Amino acid sequence: MKLIRKRRNGYALLLAASICLTVWLGKAFMLEAVFAFGATSLISLLLLVRQNRLLYAARLICDNPILAVPSALISMPGRQMKKDTEETVVSTFGILIGSKIYRWGLDGVHGVRLSAVQIDKERMYLTFGDASKTMRVELLHGMPGKQAILDAAQKLLCETGVTAKIIN
Amino acid sequence: MNRFKTLNARRLSVAGFSFLFAYILSFQFEGQVLYSLLNLRGTDANPYIMTAIVAHFMGLFTCGLFVKSQTVAKNMMLGAMGLCLAATIPFFFPPSSLWLVGLIVSGYFSGCAVAAWGFFLRAYTPKNEYIKSCADVLIYSNLLMIAVNVVAMNRSTFIGLGFSMLCLVIGMVFIWMLPLEQENEQNKAFKNKTHGGIKTPLILLCLFVFIITINSGLMYEVINPAFEHLTRLVSWYWAVPYIVALAIMRNLPMKAKRSRILYMGMAMIIGAFISFMLLGRNTSDYLIVDTLMLGACGIFDLFWWSILGEMLDYSDNPAQTFGIGLSANVFGVLCGGVLGMTLTSIGLPSAEVAVIALTVVCLTLVMLPPLNRQLVLLLKNHTYLTAYDNMNQSRQRDIVCQIKTLDPLTPREQEVLQLILSGKSNREIAGALFISESTVKTHVRNIFSKYDVGSRAELISTLLKNQRVE
């Protein structure tokens with residue numbers, strides 16, 4: 001989340017600077033430069049809006065944590081990639097892996113939704129997606145006992161409506 | 001016996017208000033008597049008319065600040081009507097500064113008296129019969145106004161003024177005879193359960209009323225001067241279509257769709273402006289234009305008066321709610337009048353003025369159906385939430401379970417929904433569940449999506465359709 005915030009602040013600064021430059025150059029009638037910095041302002045505005053949305057989603061995820069773990073393995077049909085990060089948060093509304101966000105349950109019945117959860121002694125498998133794409137995240141959950149696993153499953157059911165399958 | 005008492009009190013209340021309103025319509029608020037007096041003395045009417053309207057607006061708007069009980073409302077009505085009576089006396093004499101003072105005093109206090117009547121409208125009108133009470137006062141006051149106008153325009157302006165004052169005296173007698181009713185505690189508690197207040201529906205209603213009455217203001221300034229030469233006919237026929245429309249609306253069955261009537265009114269008002277542009281300026285043309293225009297005004301007026309009446313059931317201070325609602329009407333008339341005056345003062349040919357007026361009318365009328373929809377949804381929401389709160393918990397749970405969703409709600413969403421149905425705001429829900437407000441907003445959005453609705457009001461409306469509220 002820190003990274004997302006940093007990026008957001010960077011884009012905000014870029015926007016402010018490019019607007020100032022556009023105005024200043026506009027006063028000096030340097031039209032080419034005005035167009036260039038005008039375009040920069042527009043692009044940085046779009047990036048800022050996008051980053052703001054990401055930050056909002058990240059905050060939402062951090063506000064509603066179900067589980068925080070040290071690492072995650074993300075798999076998609078056809079390719080696999082591993083990501084070890086300092087911050088992985090599983091929440092009611094998605095998963096935050098470092099600065100990467102996978103959202104679910106944010107756009108009602110038509111958006112990305114969490115479809116299945118499996119938990120074994122060491123790992124948790126979360127499957128989510130929409131009609132066009134499905135993804136699977138594998139986590140080393142680090143929960144010490146069965147009770148902790150049951151508690152997490154209960155919380156998942158309450159918050160997301162998905163019943164976790166617990167594998168012994 | 002109790003029912004008979006209420007019926008009697010209702011009649012007294014309607015009679016008292018009708019006479020007060022007849023005075024306002026015939027004299028104080030752009031009344032024919034006032035216009036005739038100003039014309040007779042050769043005085044510029046605009047400053048007097050505008051002063052009276054602004055003072056009336058102020059009276060309506062501020063009355064709720066100091067009238068907070070039925071006893072005070074009754075005293076206010078009697079005192080205000082007495083002051084109006086005194087402030088009208090200078091009009092029997094040549095123009096002086098007392099005329100302006102008189103209009104300010106009578107304008108302000110007649111506004112207060114009208115707003116204070118909100119207490120009696122609520123107390124003596126059975127549920128779902130606001131449309132009848134409102135229609136009655138509008139019909140009777142307009143009939144009285146016609147009588148005063150006919151006398152003022154065909155006999156003597158001063159006799160007309162005397163009749164206006166007589167209306168005020170008779171109104172005072174009826175209000176004086178009006179019994180005071182002690183509201184029981186249970187009823188009071190029910191009314192006070194306002195679920196975030198009726199602020200939003202009231203603001204929406206005010207916008208609705210404002211838009212409707214801009215058209216009335218335009219009509220006063222654009223259409224009326226064109227038929228000034230038909231003095232005799234105008235003196236009695238002017239408000240007849242209005243009264244007929246009110247009488248028809250009053251006797252419509254309860255299940256009649258109000259939105260269809262609203263569309264009919266819109267068609268009539270547009271028809272009136274088009275006829276005004278295409279037809280001439282003789283008697284039959286006047287009959288067509290006035291029938292369409294005033295008929296539409298009757299439909300619109302009763303429409304919003306009855307909604308305002310229904311709102312009183314959920315108001316802590318009926319004088320305030322009633323006064324603010326009516327002040328939106330006065331403000332609309334004022335703005336429409338200024339707009340009309342600006343249009344006519346530019347010196348454009350009358351056909352062009354009519355086209356511009358028609359354009360303004362069409363633009364404002366386009367906004368009415370969506371506003372009406374929102375207003376109805378908000379009122380349903382309000383009615384339902386109050387009924388929901390009075391149910392026991394198992395029945396509340398049943399309601400939520402009975403309605404089909406596109407996707408099952410999660411346990412957390414069910415908790416949020418229960419709190420929405422208890423009338424809690426997002427902030428209150430966040431506090432109750434110890435979660436952030438943005439989390440609540442996301443849950444609420446998801447709930448809307450699962451019920452396939454677009455707003456809280458629509459969600460409540462869906463519940464209302466599926467569940468018979470007892």
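Cβ-Cβ below 6 Å, separation at least six or inter-chain, first residue in the range A:47-66 and more than 11 Å from chain B (Cβ to nearest Cβ), second among the hydroxyl-bearing types (Ser, Thr, Tyr): which pairs?
Within 6 Å, the pairs are A:LEU47/A:TYR11; A:LEU48/A:TYR11; A:GLN51/A:TYR11; A:PRO65/A:SER91; A:ILE66/A:SER91.
For the range B:406-443, give me the residue count where each residue is closer than 16 Å to B:ARG456 by Cβ and assigned to a loop (DSSP other than H, G, I, E, B).
Going through the range B:406-443 one residue at a time, the tally reaches 5.
Within the set of pairs 6 or more residues apart or between chains, which connect a residue that is over 22 Å from B:GLY265 (Cβ atoms) and of a type in the set (Phe, Trp, Tyr) inside the range B:224-246 to a residue that is modelled with pLDDT of 80 or more and surrounded by 17 or more Cβ atoms within 10 Å (Cβ to Cβ) with Cβ atoms less than 6 Å apart?
B:TRP236/B:ILE146
Determine which single condition B:PHE109 fails, assuming it passes every other condition in (1) under 29 Å from B:LEU65 (Cβ atoms); (2) out of contact with any Gly (no Cβ under 8 Å at 6 or more places or on another chain).
(2)
With the condition kept exactly as written, say whether any residue in the range B:320-333 is surrounded by fewer than 24 Cβ atoms within 10 Å (Cβ to Cβ), closer than 30 Å to B:THR231 by Cα and free of Cβ contacts under 8 Å to residues at least 60 places away in the same chain.
The answer is no, given that none of the residues of the range B:320-333 is surrounded by fewer than 24 Cβ atoms within 10 Å (Cβ to Cβ), closer than 30 Å to B:THR231 by Cα and free of Cβ contacts under 8 Å to residues at least 60 places away in the same chain.
Looking at the structure I just gave you, is A:THR88 touching a Pro at 6+ places or on another chain (Cβ under 8 Å) and either modelled with pLDDT under 85 or in the same structural domain as A:ALA116 (by the TED database) (or both)? Can you show your working first?
Working: touching a Pro at 6+ places or on another chain (Cβ under 8 Å): yes; either modelled with pLDDT under 85 or in the same structural domain as A:ALA116 (by the TED database) (or both): yes.
Considered against the rule, which asks whether it is touching a Pro at 6+ places or on another chain (Cβ under 8 Å) and either modelled with pLDDT under 85 or in the same structural domain as A:ALA116 (by the TED database) (or both), A:THR88 comes out as yes.
For the range A:131-152, what are the residues that are closer than 24 Å to B:VAL440 by Cβ and either within 14 Å of another protein chain (Cβ to nearest Cβ) or not hydrophobic (A, V, I, L, M, F, W, C) (or both)?
Filtering the range A:131-152 for residues closer than 24 Å to B:VAL440 by Cβ gives A:151-152.
The answer is A:ASP151, and nothing else.
The values are calculated or read from the model by the stated rules, or taken from the named source; none is laboratory data. Everything numeric here is computed off the predicted structure, so don't read it as measured data. Cβ coordinates were reconstructed from backbone atoms using ideal geometry, including for glycine residues, and neighbour counts include every protein chain displayed.
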